[in-house]
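The values are calculated or read from the model by the stated rules, or taken from the named source; none is laboratory data. Quick caveat: nothing in here was measured; it's all calculated off a predicted structure. Every residue, glycine as well, gets a Cβ built from its backbone with ideal geometry; the counts of neighbours run over all protein chains shown. Accessible surface areas use protein heavy atoms only, side chains included; no ligands, DNA or RNA. Shrake-Rupley method; radii C 1.70, N 1.55, O 1.52, S 1.80 Å.
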Amino acid sequence: APVREGSATPVPRAAAPTDEALTVTLVLRREDQAGFEAHLAAIRDPASPNWRRFLSQREIADRFGPSASSFEEVARWLRSAGLEIVESPANRLTLSARGSRAEVEAAFGVSLREWSAGPRTF
């Protein structure tokens, strides 16, 4: 059942273990979003010489970014914060890392909270 707006209540901080493992996924921006959109328009246009000429995920990443060096820089930063890289797709648009709740909070300078609504905690 959907949660009604305003119906969630915070769970006391002490109830959330700091060593709990969390996975976070970062979404990186393309370095050439306009070029990517033009590419999409061209492969959908029967009048275009690129109509239905699909690129691989690697080719899309190489042409429109983010660059391999930008992607690796983010991965290095996550590892330096004590997080383990658990997924790095070929398109370089997302990067998933895993670490303890305390490591994630420290890396991003945030305090994560848990909320409950009825039987659900999130």
Query raised in the report: What accessible area per residue comes out for the range 58-110, rounded to a whole number of Å², with a 1.4 Å probe?
Result: 51 Å²
Query raised in the report: Tell me, what is the 1.4 Å probe accessible area of Ser69, in Å² to the nearest 10?
Result: 80 Å²
Query raised in the report: Considering only the other residues whose Cβ falls under 13 Å of the Cβ of Phe54, what net charge follows from Lys and Arg at +1 and Asp and Glu at -1?
Result: +4
Requested in this report: Can you tell me how much longer the chain between Asp32 and Ala117 gets when fully stretched, taken as 0.36 nm per residue apart minus their C-alpha distance, in nm with one decimal?
Outcome: 26.5 nm
Query raised in the report: Working out 0.36 nm times the residue gap between Ala90 and Ser70, then minus their Cα-Cα distance, what length gain in nm do you get to one decimal?
Result: 5.8 nm
Report summary line: Once normalised by the length of the chain, the mean sequence separation of its alpha carbon contacts under 8 Å that are 6 or more apart gives a contact order in percent of 37 percent
Report task. Pop out the carbon and sulfur fraction of the accessible area of the chain as a percent, whole number, probe 1.4 Å. Result -> 53 percent
**Report entry** Potential extension, Val110-Ala41 segment - 0.36 nm per residue separation minus Cα distance
**Finding:** 20.9 nm
Query raised in the report: From the Cα gyration tensor of the chain, with a ≥ b ≥ c the square roots of its eigenvalues, which class applies: rounded if a/c is under 1.5, or else prolate if a/b is larger than b/c, or else oblate?
Result: oblate
Report summary line: The summed charge of the Phe64 Cβ neighbourhood (under 11 Å; Lys/Arg +1, Asp/Glu -1) stands at -1
Query raised in the report: Given H placed on each backbone N at 1.01 Å, which residues far from Val86 in sequence or on other chains put an amide H within less than 5 Å of it?
Result: Ser96, Ala97, Arg98
